[in-house]
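Reading through the structure tokens given below for one structure.
Bear in mind that the values in this text are calculations on the coordinates, not laboratory data. What you see is a predicted model, and the numbers here were worked out from it, not measured in a lab. Cβ atoms come from the backbone with ideal geometry, glycine included; neighbour counts cover every protein chain shown.
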Amino acid sequence: MDQDIKKLCDDVRETSFAIHKYHKNGHLEKIYENALVHRLRKIGIDVKQQYKLDVYDEDGTLLGEYFADLFIGEKLIVELKACKALLDEHVAQLLGYLRSSHQEHGLLINFGASKLQIKKYILNNIQ
């Protein structure tokens with residue numbers, strides 16, 4: 001993993017922890033999304049909110065689009081949750097987004113639990 005994406009992930013993690021420490025759990029997902037966008041932009045990180053990404057079939061055919069909660073630095077998809085715990089379907093959702101949009105790096109962040117949950121995923125060998 002190159003240093004650029006590692007630093008980007010570290011910045012997102014640290015900022016998420018600061019947000020969770022201040023706001024705790026209990027808010028709607030949109031509040032955490034807005035807070036993360038606000039704080040990352042304050043430190044100079046390029047963040048696109050509700051960013052449209054194209055979805056491709058394995059042969060490259062464009063199937064449609066979806067909107068990533070956050071697309072950071074043109075290389076990191078961030079899927080946010082505000083639930084009691086991350087579930088297998090949340091992981092499947094992020095991995096599906098990575099695969100179909102041909103992105104390699106993703107973070108799954110849950111602000112809804114009493115302890116912040118952050119998981120990093122890398123999808124290699126993307127066509």
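For GluC sites (Glu not before Pro), the sites in region 1-107 that DSSP calls loop and that have at most 12 other Cβ atoms within 10 Å are Glu58, Glu74.
Measuring against 18 Å, Cα to Cα, the residue pairs Lys7/Lys120; Lys75/Lys119; Lys6/Lys81; Lys30/Lys84 contain Lys6/Lys81 as the ones spanning a longer distance. Quick check: the angle from helix 3-23's long axis to the longest principal axis of the chain, C-alpha only, nearest 10 degrees? Once rounded, one gets 40 degrees. Within the set (1) 98; (2) 120; (3) 147, the number that volume of the Cα convex hull per residue in Å³ takes when calculated for this structure is listed as (1).
Counting Lys and Arg as +1 and Asp and Glu as -1 over every other residue whose Cβ lies under 14 Å from the Cβ of Ile43, the net charge comes to +1. Sequence-ordered 3J(HN,Hα) estimates for region 114-123 from the Karplus curve with 6.51, -1.76 and 1.60 and θ = phi - 60° stand at 5, 10, 4, 10, 9, 10, 9, 10, 10, 10 Hz, glycine and proline given as x. For Lys48, a cut-off of 15 angstrom between C-alpha atoms picks up these aspartates and glutamates, skipping any fewer than 8 places away in its own chain: Glu33, Asp69, Glu74, Glu79. For the chain, adding -39500 (n - 2.57) for each run of n ≥ 4 DSSP H residues and dividing by the number of residues yields -13000 deg cm²/dmol at 222 nm. Residues in region 82-88 carry Karplus couplings, in order, of 9, 9, 4, 7, 6, 10, 4 Hz; the curve used is 6.51 cos²θ - 1.76 cosθ + 1.60 with θ = phi - 60°, and Gly or Pro positions show x.
In sequence order, region 40-49 has phi-based couplings of 5, 5, 4, 9, x, 9, 6, 10, 10, 9 Hz under the Karplus curve 6.51 cos²θ - 1.76 cosθ + 1.60, θ = phi - 60°, and Gly or Pro positions carry x.
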